[in-house]
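The values are calculated or read from the model by the stated rules, or taken from the named source; none is laboratory data. Please read these numbers as outputs of a predicted model, since none were measured by experiment. Please note: Cβ atoms are built from the backbone with ideal geometry, for glycine as well, and neighbour counts cover all protein chains shown.
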Amino acid sequence: MYTQKDIFLVTGATSGIGKGVVLSLLNQGAKVIAVGRDSKKLASLKDETSRKKNLILEKKDLSNCDGLDKWILNISKKNGKLKGLVLSAGILQIAAISSVLSVEKSKELFEINYFSNIQLAKGFCDRRTNIGKGCSIVFLSSIASIRGDSGIVGYAASKGAINSAVKSLALEVARLGITVNAVLPGFVMTELSLSWQEVYTKEYIEEMNNKYPLGIGQVEDVIGPILFLLSDKAKWITGTELIVDGGASL
Amino acid sequence: MTKLELLEEIRETLQRDKEISFDMKLEDIEEWDSLARIAMISLYDQLFELLITFDELQKCKTISDLVELVPDQLDR
């Protein structure tokens, strides 16, 4: 479906949805630049694909947005112009609004979930970074942005900011032939959610499962829609929020 | 800032790898579109705290005209 000339950059590439997207794009023949902050986890990606030649690893901490636009421009100068960008790096903080430093800590959350992703999108939209017509950006948002829940005020707001930015950015770069969309997954079992096991107890997961008409999702349930938005089949879709949540938000 | 340094800033704002020169006509530069004009307004605001208008930009025909918008702020 793709060739080595189709180059995609994926952040948050070492786990969960990002990792799934990397491996699927490689399977489809594309060249993938996988970005993560943990060099060991990045290196282990090579063990999970037979198309090692098409996988480029880039270690980068995205917790500071400064200069990320120039960074992605330089990556494309080194590896070739990019066809797609998947922004799946993000962090989750669960804290009641009354918790100590709940507001201050959400600045760190916004830096990664919003500012760094927007800075990368800015760099991608530079004419020198992308191939032009047929390019796409997919942001990983969340249904938390459209459906309230306790303890995730900052997280939900950071994803809501992405949804709003997507619409204006889509309009701004349509002329360049770039589509911009957000995918809003519901609760899926990823390493990120597993790392919050004190919150996501077995009982909580069961309760969640009952709230999801199609059951709680798996990582692969979200990958397909992302691949679709990256593909030419979605070339007339831009500025959308694609909800992928097993009907939970209905 | 010198004229040459401003020329480099303009090239970067145009997101252009190829060189530009003072005598180049803006209409011949493919990157010179409405978004580039907005980016140019931001550039002058950031560099010189100078708010140039769309009309002023429309009157510019060459790169040199862009540079001449700020003659007093540039080093000789």
TODO: Have a look at A:N130, A:N117 and point out the one that is within 14 Å of chain B (Cβ to nearest Cβ), in contact with a strand residue (DSSP E or B) (Cβ under 9 Å, 6 or more places away or on another chain) and in contact (Cβ under 8 Å) with a residue 40 or more places away in the chain.
DONE: A:N130
Open item on the list: One residue is enough: does the stretch A:182-201 have a residue meeting the conditions of a type in the set (S, T, Y), without any contact (Cβ under 8 Å) to a residue 40 or more places away in the chain and touching a helix residue (DSSP H, G or I) at 6+ places or on another chain (Cβ under 8 Å)?
Closed with: yes
Task: The listed residue being closer than 23 Å to A:Y155 by Cα and hydrophobic (A, V, I, L, M, F, W, C), out of A:I91, A:I7, A:I75 - done: A:I91
Open item on the list: I need the full set of residues from the stretch B:23-43 which are touching a helix residue (DSSP H, G or I) at 6+ places or on another chain (Cβ under 9 Å), more than 14 Å from every other protein chain (Cβ to nearest Cβ) and either part of a helix (DSSP H, G or I) or of a type in the set (S, T, N, Q) (or both), in order please.
Closed with: B:L26, B:M40, B:I41, B:L43
- [ ] Look at A:V86 and say whether it is out of contact with any helix residue (DSSP H, G or I) (no Cβ under 8 Å at 6 or more places or on another chain) and part of a strand (DSSP E or B).
- [x] no
Open item on the list: Looking at B:L47, B:L14 in this structure, which one is surrounded by 14 or more Cβ atoms within 10 Å (Cβ to Cβ), without any contact (Cβ under 8 Å) to a residue 40 or more places away in the chain and hydrophobic (A, V, I, L, M, F, W, C)?
Closed with: B:L14
TODO: Return the only residue of B:I20, B:I10 being away from chain A (no Cβ under 12 Å), assigned to a loop (DSSP other than H, G, I, E, B), among the β-branched types (V, I, T) and within 20 Å of B:P71 (Cβ to Cβ).
DONE: B:I20
Task: Of the criteria (1) of a type outside the set (A, V, I, L, M); (2) within 14 Å of chain B (Cβ to nearest Cβ); (3) more than 22 Å from A:E58 (Cβ to Cβ), which one A:N163 fails - done: (2)
Open item on the list: Take the conditions on the phi < 0 side of the Ramachandran plot, out of contact with any Gly (no Cβ under 7 Å at 6 or more places or on another chain) and surrounded by 14 or more Cβ atoms within 10 Å (Cβ to Cβ) and apply them to A:A170. Does it pass?
Closed with: no
TODO: Go through the residues of the stretch A:54-67 one by one and say whether even a single one is over 15 Å from the mean Cα position of the chain (by Cα), assigned to a helix (DSSP H, G or I) and modelled with pLDDT of 95 or more.
DONE: yes
- [ ] Answer yes if at least one residue in the stretch A:137-158 is in contact with a strand residue (DSSP E or B) (Cβ under 9 Å, 6 or more places away or on another chain), within 14 Å of chain B (Cβ to nearest Cβ) and of a type in the set (G, A, S), and no otherwise.
- [x] no
- [ ] Would you point out which residue out of A:E104, A:E108 is at pLDDT below 95, within 24 Å of A:G36 (Cα to Cα) and either within 14 Å of chain B (Cβ to nearest Cβ) or surrounded by fewer than 21 Cβ atoms within 10 Å (Cβ to Cβ) (or both)?
- [x] A:E108
